[in-house]
1. With a ≥ b ≥ c taken as the square roots of the eigenvalues of the C-alpha gyration tensor of segment 165-223, please select rounded if a/c is under 1.5 and otherwise prolate if a/b is larger than b/c or oblate if it is not?
2. Quick check on packing: order 55-65, 205-215 by the mean number of other C-beta atoms within 10 Å, highest mean leading.
3. Residue farthest toward the positive end of the dipole of segment 140-219, with Cβ of Lys/Arg at +1 and Asp/Glu at -1: which of Ala148, Thr169, Phe207?
4. What is the diffusion coefficient of segment 99-219 in µm²/s, taking the Kirkwood radius over Cα pairs and the Stokes-Einstein relation at 20 °C with a viscosity of 1.002 mPa s?
5. Would you give the gap between the C-alpha center of segment 100-129 and the C-alpha center of segment 204-223, rounded to a whole Å?
6. Evaluate E = 1/(1 + (r/R0)^6) for Thr107 and Glu233, where r is the Cβ-Cβ distance and R0 equals 45 Å; express this FRET efficiency to the nearest 0.05.
7. Taking θ as phi - 60°, what are the ³J(HN,Hα) couplings along segment 206-211 by the Karplus curve (6.51, -1.76, 1.60), each to the nearest whole Hz, with x for Gly and Pro?
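None of the figures in this text is laboratory data; all of them are computed from the coordinates on show. What you see is a predicted model; the values in this text were computed from it and never measured. Heads up, the Cβs are rebuilt from the backbone with ideal geometry, glycines too, and the neighbour counts pull from every protein chain shown.
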Amino acid sequence: MKKLIIATIVLCSAFAAKAQVTSGTVSYKETIKLDIALEGEMAQFAEMLPKEHSFKKIMYFSPEASLYVVDKKATEDKVKTEGNGIAAMISANVPEEKYYRDLKNNTSTTQRDFMSRKFLVTSDAKSKQSWKMTGKQKQILGYPCQQAIMQKDSQQIVAWFTPAIPVATGPGELSGLPGLILEATIDKMYIIEAVAVTPGAVDKKLFVKPTEGKKMTNEQFEAMMKEKTKEMEAQFGGGGNGNVIIRVNERH
């Protein structure tokens, strides 16, 4: 009986320790499903091209703030494929974007890259994300997670968050859930997965708020992206003449 009580206490203590994680580092893997359309004479090379491209990012988090940035050491920016004696190299430069979130004041400042220009995008507490809980559950890296979904314009976002890390943040623009987001899928074309969670204190010097770029609100930046994307689709969307069209859904 005494052994059973001791074992129960040990298990409860271990669970409590995990439930109290509020600071640490998370390594994420982001995967883009590539929708590549080859037309004309280029169609024969379709099988040579990759179906997806992955890169790594890191999040530092604490009760006060979080920062999500590119893991330069782990990210490869080129994909080489070979077939029928022909080699193709696809360069996929990862934008040096930085997502800083002030968790106490519920504001965010993001350095975004778009069309080779830097933008400093800000949002406040009014920009809430409308999540709906589904009741589904699963384990990710040993953490109990719950599923939530959100419709943003034409995109469906499915996220998995863990109440065991009660920090309301996540990768990229995703946040607003009662726990850290460890996994997310955007329209089944963009997948974000936590591959490692390292609990522990984080040096406050790492939480550097970005300052570079033209200042815009989140609404202004989204409107600009939509307008420029429509212009590019009108210019290149028709394909033809052997053009290679690569469509990547990269918003999150």
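1. It comes out oblate by the Cα gyration axes.
2. Going from most to least packed, we get 55-65, 205-215.
3. Phe207
4. Once the numbers are plugged in, D ends up at 138 µm²/s.
5. Centre-to-centre (Cα) distance: 5 Å.
6. Between Thr107 and Glu233 the formula returns 0.85.
7. 6, 7, 9, 6, x, 10
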